[in-house]
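Report on one structure; see the data block that follows.
The values are calculated or read from the model by the stated rules, or taken from the named source; none is laboratory data. Predicted model only: the values in this text are computed from it and were never measured. Cβ placement follows ideal geometry from the backbone for every residue including glycine, while neighbour counts extend to all protein chains displayed.
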Amino acid sequence: MSVSNVSGVGGNHATAAATTTADATTMDYDSFLQLLVTQMQNQDPTAPTDMAEQMSQLASFSNVEQNIQTNNKLDSVLSQLYVNQSASLVGKTITSADGISGKVDAVGIYTDGVVATLEDGSNVLVGPGVTISQ
């Protein structure tokens, strides 16, 4: 069994940590596939993996692929929800839980959610405790 394959995977994982979340997800998927192929290539010829175990591994691979696709679709739906929510806030008055109040001049969509910029320049994270009025 070759140790260089294991160190190669570790190097790729370190690279993935420095990339975006989507790239990290893809790297996890690629790493899983690479490990599965490496395991099949390096199995003991005197005691090969039985078919039931191989089918279980392939089912796991399929589940990982479906979960990644589902997460990507949910991210897309969430992004669209943020856009729709943002468009409806411009021109309305909002009050945050800590008392910051004002008319919304602009909105920004960030990883934390929707941030409303008020006419006075202050920013309010739109979330629980925020009151929206005409």
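Quick one: is LEU125 of a type in the set (A, V, I, L, M, F, W, C) and surrounded by 11 or more Cβ atoms within 10 Å (Cβ to Cβ)?
Values: of a type in the set (A, V, I, L, M, F, W, C): yes; surrounded by 11 or more Cβ atoms within 10 Å (Cβ to Cβ): yes.
Yes; evaluated as a whole, the condition is true for this residue.
Go through (1) more than 30 Å from GLN134 (Cα to Cα); (2) at pLDDT below 85; (3) not β-branched (Val, Ile, Thr) for ASP112 and report which single condition fails.
The number of the failed condition is (1).
Could you list, ordered by first residue, the pairs with Cβ atoms under 7 Å in which the first is in the stretch 47-60 and free of Cβ contacts under 8 Å to residues at least 40 places away in the same chain and the second is part of a helix (DSSP H, G or I) and surrounded by 11 or more Cβ atoms within 10 Å (Cβ to Cβ), at least 6 apart or interchain?
Between residues of the stretch 47-60 that are free of Cβ contacts under 8 Å to residues at least 40 places away in the same chain and residues that are part of a helix (DSSP H, G or I) and surrounded by 11 or more Cβ atoms within 10 Å (Cβ to Cβ), the close pairs are GLN57/LEU36.
When the residues of the stretch 94-105 are filtered to those that are more than 12 Å from GLN134 (Cβ to Cβ) and not acidic (Asp, Glu), which remaining residue is surrounded by the fewest Cβ atoms within 10 Å (Cβ to Cβ)?
The extreme case among them is GLY99.
Let me spell it out: the conditions are (1) closer than 30 Å to GLN34 by Cα; (2) within 22 Å of the chain's Cα centre (by Cα); (3) of a type in the set (S, T, N, Q), and THR49 meets all of them except one. Which number is the exception?
Result: THR49 fails condition (2) only.
Among the residues of the stretch 76-93, is there at least one that is farther than 20 Å from ILE132 by Cα and either touching a Cys at 6+ places or on another chain (Cβ under 7 Å) or hydrophobic (A, V, I, L, M, F, W, C) (or both)?
Looking through the stretch 76-93, at least one residue is farther than 20 Å from ILE132 by Cα and either touching a Cys at 6+ places or on another chain (Cβ under 7 Å) or hydrophobic (A, V, I, L, M, F, W, C) (or both).
Here are some conditions: (1) at pLDDT 90 or above; (2) outside the structural domain of ASN123 (by TED's automatic domain parsing); (3) outside any helix (DSSP H, G or I). ALA47 meets all but one. Which one does it not meet?
Just one mismatch for ALA47, condition (1).
Go through ASN72, ASN63 for me and flag whichever is surrounded by 12 or more Cβ atoms within 10 Å (Cβ to Cβ), closer than 21 Å to ASP30 by Cα and at pLDDT 85 or above.
ASN72
For GLN54, state whether it is assigned to a helix (DSSP H, G or I) and surrounded by 13 or more Cβ atoms within 10 Å (Cβ to Cβ).
In short, yes.
Could you run through the stretch 102-134 and say how many residues are in contact (Cβ under 8 Å) with a residue 40 or more places away in the chain, closer than 25 Å to VAL77 by Cβ and assigned to a strand (DSSP E or B)?
The total comes to 1.
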